[in-house]
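In what follows, a structure is listed as structure tokens, so that the remarks can point back to it.
Read the figures in this text as sums done on the coordinates, not as results from a lab. Computed from a predicted structure; not experimentally measured. Methodologically, a virtual Cβ is constructed for each residue, glycine included, from the backbone with ideal geometry; neighbour enumeration extends over all protein chains shown.
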Amino acid sequence: MLEDDAQDGPDHVDAHRSIAWVISKYAPTRPAGAKAFVDHAFYTTVDMLRTMESLLGLPPMNNNDARAALMAPLLSGPGIQQPFVADTRNRDNGLLYRINTAQSPGARQSAHMDFSHADAASAEELNQILWRDRMNGRPYPKTLHLLTPQHQPLLR
């Protein structure tokens, strides 16, 4: 699983990375009580695509993925992992299918946004609506878009 969009904000380590999870019978295993396997190698989204193509027996689509690295260390285990069991509680209790109403927090503002294509609506406004809905009155954090580590503009 790979995060599709960082929602207009970097993660806590580097704005150029996304988290990926590999769920596989062939994921490396560790002895009981040991920390889980974490691969700190640098992979790109194209590397992930190339790995999926290889697992499915598909040829590369172009030269970019033909030259991409396979994420082989993530699939080098002995094949003894237990099957993945999905948590279906929200599907089964109907929460997955609930939608917001016209009275939901942020509905009035959202109704005036342009959702006709990706990124047409303001990510900042959407983030604030989501924050207010989930954070029970906690103040929205100040957005920092810094150009240098010294917090100074590059041009004056």
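Ranked by the mean number of other Cβ atoms within 10 Å of their residues, highest first, the peptides 123-130, 109-116, 28-35, 51-58 fall in the order 123-130, 51-58, 109-116, 28-35. On the principal axes of its alpha carbon atoms, segment 20-138 extends 52, 41, 28 Å, with the longest extent given first. Annotation: Cα Rg of segment 45-90 relative to the compact-globule expectation 2.2 N^0.38 Å equals 1.50. In segment 91-146 the Cα-Cα distances spread across 10 Å bins starting at 0 as 18, 42, 32, 7, 0 percent of all pairs.
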